[in-house]
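Below you'll find the structure, written out as structure tokens, and then a few comments.
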Amino acid sequence: AANNRMVADRIEALYKSDKNNAQLPAFTDESLFYSQYLMLLVKQLPMEELDIRYRALVPRVVGVNRSLTVAMIHRLQATQRWSLLRRVIEDGIAARHMTDLRVSALMRSVLLSLKLQEMTIEEREECAELIRRMVDIWLEFSNFTTPNALRLQQKLTPSTISECSLLLIKMGDRERGWDILKLLLDENARSGETPTVTEFGYPQPSVMRSLMEEALQYGDWLNASQCLNIIALYSPQTELGPFVEQIIQRCKVTALQKRILDNFVRLHQ
């Protein structure tokens, strides 16, 4: 890889040199060269330099493609840089990567990994706005249920729903986040006449634990119980007792609510 980088650097330097009197107006395969060159740089350049290079080349010289988006997101998961991540995701949206299950999952993963405490207020507001936009797009594609639009439909997976819910809640849009999570318990959304949620897949256990913790932090018995119901539905092998103990301890439940929770666990054992 290092040797490839050296060769590529020399080719680019020759191509751009003012002293190159034999220079062609452009590479015959300029876009292809820079696309492969940028893929090398993604792995090797310091983040500040990569930021400059990416913005200079994409999309003016290098088109946004799946491999580049995936590589950039992996790099940005290792080294947080909000301004560049925002640009990469917006480029991915423009390139219609939102319906690519792997790329969209990576987008949500890197957003969930952001250290919000290290971001400025303005950056957090930008992040919240971008997340709302992304959720709107995924919901819109899932609602293409008319005969003419059905071929464009991209149903929501359980992991998409739970991750969107957690992203919205983390950014302060708690009411909408909890409302979206209810789709996982909506039988009509999964198997009605116009389903919008896939019947395959499951929410990641780590995401459900994070959602449960979000509810418990606020003493939110209703949404903690909703999380419990989803865990029981999608992970029937999971022991529910410890979750119920946490709900009882941290949500100040009434005697009736405690009885409901105990009966729920008994029915699912």
When the stretch 183-195 is checked residue by residue, the ones that are surrounded by 15 or more Cβ atoms within 10 Å (Cβ to Cβ) and over 11 Å from S162 (Cβ atoms) are A189, R190, P195
Flagged in the stretch 51-66 as assigned to a helix (DSSP H, G or I) and under 10 Å from S35 (Cα atoms), in numbering order, are L57
Flagged in the stretch 250-259 as loosely packed, with under 13 Cβ neighbours inside 10 Å and in contact (Cβ under 8 Å) with a residue 24 or more places away in the chain, in numbering order, are K252
Within the stretch 131-176, restricting to residues that are crowded, with 17+ Cβ neighbours inside 10 Å and acidic (D, E), the one that is farthest from T198 (Cα to Cα) is D173
Screening L111, L84, L106 for residues that are more than 20 Å from P203 (Cβ to Cβ), in a helix (DSSP H, G or I) and out of contact with any Phe, Trp or Tyr (no Cβ under 6 Å at 6 or more places or on another chain) leaves only L84
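Here's the yes/no breakdown for (1) modelled with pLDDT of 95 or more; (2) within 25 Å of R132 (Cα to Cα); (3) assigned to a helix (DSSP H, G or I):
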position: P236; (1), (2), (3): no, no, no
position: E245; (1), (2), (3): yes, no, yes
position: Q249; (1), (2), (3): yes, no, yes
position: V265; (1), (2), (3): no, no, yes
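For every residue, the table says whether it meets (1) over 23 Å from Q153 (Cα atoms); (2) acidic (D, E); (3) in contact with a strand residue (DSSP E or B) (Cβ under 9 Å, 6 or more places away or on another chain); (4) modelled with pLDDT of 95 or more.
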position: R176; (1), (2), (3), (4): no, no, no, yes
position: E199; (1), (2), (3), (4): no, yes, no, no
position: L211; (1), (2), (3), (4): yes, no, no, yes
position: Q217; (1), (2), (3), (4): yes, no, no, yes
position: W221; (1), (2), (3), (4): yes, no, no, yes
position: C227; (1), (2), (3), (4): yes, no, no, yes
position: D262; (1), (2), (3), (4): yes, yes, no, no
Of the conditions (1) at pLDDT below 95; (2) crowded, with 17+ Cβ neighbours inside 10 Å; (3) charged (D, E, K, R), the single one that R60 does not satisfy is (2)
Considering the stretch 80-104, residues that are surrounded by 15 or more Cβ atoms within 10 Å (Cβ to Cβ) and aliphatic (A, V, I, L, M), and then whichever is farthest from I161 (Cα to Cα), we arrive at L84
Restricting attention to the stretch 152-202, the residues that are under 19 Å from E140 (Cβ atoms), in contact with a Leu (Cβ under 9 Å, 6 or more places away or on another chain) and among the basic types (K, R) number exactly 2
Per the filter on the stretch 203-246, residues in contact (Cβ under 8 Å) with a residue 24 or more places away in the chain, touching a Leu at 6+ places or on another chain (Cβ under 6 Å) and of a type in the set (V, I, T) are V207, I230
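The values are calculated or read from the model by the stated rules, or taken from the named source; none is laboratory data. Everything numeric in this text was worked out from a predicted model, so none of it was measured. When we count neighbours, we look across all protein chains shown, and the Cβ atoms used for this are built from the backbone with ideal geometry, even at glycine.
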